[in-house]
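Notes follow the structure.
Read-outs: derived from the displayed coordinates by stated rules, not from any lab. Computed from a predicted structure; not experimentally measured. Cβ sites come from the backbone with ideal geometry, for glycine too, and all protein chains shown count toward neighbours.
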Amino acid sequence: MPSTSPADGTSRHLAAQLLLIDDDPLMIALLSEMLSQYPNRRTATSSSEGIRLARELAPDLILLDVGMPDLDGIDTCGVLRADAKLERRG
């Protein structure tokens, strides 16, 4: 059962900040539709834009395409994991 915010009763997980990174606009549209219950979604169509947005937003979840032309998803993930600002301590 999702936890709720005591102030307004909304589910905290629905307030999560999501970042979708994919060079295919159709995939971005599909993922956005699938995740429409999460209002705090941002999208990027390149690795460099995704890295910039991740640093700006510090999202709760990043969905990242592996095969992108500017910097592949594996290398992008490495850049994001190495960024101290994005490190989660729990």
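Assorted remarks:
- Taking other Cβ atoms within 10 Å as a rough exposure proxy, MET27, MET34 sort from fewest to most as MET34, MET27.
- Gyration tensor analysis over the Cα atoms of region 14-86 returns equivalent ellipsoid semi-axes of 18, 16, 8 Å (largest first, whole Å).
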